[in-house]
Amino acid sequence: MKTIQPYPIEVRGSASRPLGMSLARFLRDYWQKRALLIRNAFADFQPPLQPDDLAGLACEPAALARLIVHDEKREHWQVNSGPLNEADFARVPDRNWTLLVQDVDKWDADVADLLPHFSFLPSWRVDDVMVSYAEPGGGVGAHVDQYDVFLLQGLGQRHWAISDDPLAPKAFRADVELKQLVQFEPTHEWLLDPGDMLYLPPGVPHDGVAFGGPCMTFSIGMRAPSQAELTGDLADYIAEQLPEELRYTDPDLKPATTTGEIDRAVLERLKRALPFAAALRDELLHDWFGRFITRYRNAQAPAPLEKPLTADKLATKLIAGAQLLRHPWSRLAWSRGRAGSTLYVSGQAYATTPALAQQLCEQRDLALNRKLLAAEHSLLLALVNDGHLLLRTSRRRR
Ligand code: SIN
Ligand code: CO
């Protein structure tokens with residue numbers, strides 16, 4: 001009995017259904033979810049740009065172009081990130097190289113005319129049309145992208161290999177700036193002809209290699225701001241609207257019993273000052289505020305020791321009577337957490353105990369007993385090496 005595949009990975013497009021299915025079905029079943037190869041997505045496709053035009057554009061000083069040569073024997077990737085010139089093209093080998101130019105839609109109106117075919121997506125989600133030219137064997141190696149992409153074959157053939165295994169390893173090679181995968185085991189392989197198009201959601205490992213002759217691929221890439229970018233920009237935006245006189249306030253302050261502690265009441269006041277941050281986990285708010293407030297308005301910060309001390313060297317100095325003195329520019333605070341306490345010093349965080357955190361906040365000239373010196377040796381060593389505690393060797397009188 002023939003089983004019906006609910007989400008076929010390969011379909012055939014037609015003039016009325018370029019994606020081989022309704023747009024609603026594509027968005028529901030594939031968009032951001034699974035890869036799809038669409039044969040004949042663009043019937044009788046003629047590339048809107050010729051290889052020579054692309055090479056010419058790549059030599060424009062403002063163009064974002066990369067020329068990548070793969071030395072298969074030495075497994076070495078040479079990346080020339082431009083600006084490129086004619087001599088760079090004269091030097092390339094007969095095969096195993098590719099030229100990639102980003103944002104070609106901004107330079108070429110015919111390439112920009114590809115974009116209306118993707119008008120079923122919000123226009124602000126579309127990043128650019130990147131165009132690649134490759135000689136046989138040319139490609140950028142197996143990698144993952146963070147964004148959805150439609151890889152439209154424009155000229156010649158390209159062999160595509162992808163892995164739709166959600167558990168596929170994603171670690172990338174540290175030795176190549178192209179962020180290629182250390183390991184890549186394809187689950188699907190195809191040869192694409194002009195007009196065929198491969199859709200990939202973010203995170204799908206893929207490798208495209210020019211096959212047989214010259215090859216051009218038009219990549220319609222999406223953009224999706226990271227949560228980090230969204231957060232940073234929103235914070236800047238909100239900050240721009242807030243008047244200077246709205247500040248952290250504590251009219252409810254009680255006499256401090258624990259020096260330097262960022263306690264529960266501080267957290268509540270922060271939540272009142274930052275209503276949009278009230279939903280954050282307390283630990284996160286604590287940790288951010290501890291780092292922030294010990295950096296805030298510091299005209300200077302201590303520099304780490306050029307030659308860090310070893311644990312033994314510090315022990316020897318302390319046994320010989322050296323004193324620990326807080327650097328005048330170091331600012332300290334601390335907070336209690338579920339898994340212990342954290343000491344914040346000029347924006348840095350150190351795990352500690354409440355007793356030592358408090359003592360470090362209280363005393364400029366530390367008077368630590370032998371037991372504490374031994375128990376907290378690694379923290380003291382870190383503070384000394386980071387420049388927050390200075391060692392004062394006591395001179396003996398003659
Ligand atoms: C290409 O070489 O044209 C495609 C690059 C990619 O896989 O992102
Ligand atoms: Co890619």
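Surface listing: Cys59, Cys361 arranged by accessible area from highest to lowest gives Cys59, Cys361, probe 1.4 Å.
Which three semi-axes in whole Å describe the equivalent ellipsoid of segment 239-398, each the square root of 5 times a Cα gyration tensor eigenvalue, listed largest first?
Values: eigenvalues 224, 54, 40 Å².
Ellipsoid semi-axes (Å, largest first): 33, 16, 14.
An oblate overall shape is assigned to segment 10-222, the ratio a/c of its alpha-carbon gyration tensor axes (a ≥ b ≥ c) being 1.5 or greater and a/b not exceeding b/c. A simple count of charges around Lys179, restricted to other residues whose Cβ falls under 14 Å of its Cβ and scoring Lys, Arg +1 and Asp, Glu -1, yields -1. Estimated from helices alone, the mean residue ellipticity of the chain at 222 nm is -6500 deg cm²/dmol (sum of -39500 (n - 2.57) over DSSP H runs with n ≥ 4, per residue).
Here the chain is assigned +1 on the Cβ of each Lys and Arg and -1 on the Cβ of each Asp and Glu. Its dipole about the Cα centre then comes out at about 3080 debye. Distance from the Cα centroid of segment 10-86 to that of segment 123-202 is 9 Å (rounded to whole angstrom).
So, counting K/R as plus one and D/E as minus one, what does the shell of residues with Cβ under 13 Å around Gly212 add up to?
Values: positive: Arg95, Arg158; negative: Glu135, Asp193.
In short, 0.
Along the axis of the charge dipole computed for the chain (Cβ charges of +1 for Lys and Arg, -1 for Asp and Glu, origin at the Cα centre), the listed residues Ile220, Gly195, Ala279 are led at the positive end by Ala279.
As a size descriptor, the averaged projected area of the C-alpha convex hull of segment 284-378 was calculated at 6.7 nm². Within the listed set Asp312, Asp127, Asp193, the Gaussian network model of the chain (springs between alpha-carbon atoms below 10 Å) gives the highest mean-square fluctuation for Asp312. Specify the residue with the greatest mean-square fluctuation among Gln78, Gln146, Gln359, computed from a Gaussian network of the chain linking alpha-carbon atoms under 10 Å apart. Residue with maximal mean-square fluctuation among Gln78, Gln146, Gln359: Gln359.
What value in Å³ per residue do you get for the convex hull of the alpha-carbon atoms in the chain?
On the way: hull volume 107.0 nm³, N = 398.
Taking only Cα atoms, the chain has a hull volume of 269 Å³ per residue.
Annotation: lysines with alpha-carbon distance below 30 angstrom to Lys106 (same-chain offsets under eight excluded): Lys33, Lys179. Ordering Gln363, Leu390, Ser341 by Cα displacement along the dipole of segment 328-391 toward the positive end leaves Ser341 in first place; charges were set at the Cβ atoms of Lys, Arg (+1) and Asp, Glu (-1). Shown for segment 239-398: the carbon plus sulfur share of the solvent-accessible area, taken with all protein chains present and a 1.4 angstrom probe, equals 54%.
Give me the 1.4 Å probe accessible area per residue for the chain, excluding ligands and nucleic acids, in Å². Present the calculation step by step, with values, prior to reporting the outcome.
Working: 23430 Å² over 398 residues.
On a per-residue basis, 59 Å².
Out of the trypsin sites (Lys or Arg not before Pro) in segment 88-138, which ones are loop residues according to DSSP with at most 16 other C-beta atoms within 10 Å?
Details: sites: Arg91, Arg95, Lys106, Arg125; in loops: Arg91, Arg95.
Answer in residue order: Arg91, Arg95.
Positive contributions from Lys and Arg (+1) and negative ones from Asp and Glu (-1), summed over other residues with Cβ under 14 Å from the Cβ of Asp196, come out at -1.
Rounded to the nearest 10 square angstrom, Asp250 shows an accessible area of 60 square angstrom against a 1.4 Å probe.
The values are calculated or read from the model by the stated rules, or taken from the named source; none is laboratory data. Values in this document were obtained by computation on a predicted structure and should not be read as measured data. Don't worry about glycine lacking a Cβ; one is built from the backbone with ideal geometry, like all the others, and counts go over all protein chains shown. Heads up: the accessible areas ignore ligands, DNA and RNA and are worked out on the full protein's heavy atoms, side chains in. Shrake-Rupley method; radii C 1.70, N 1.55, O 1.52, S 1.80 Å.
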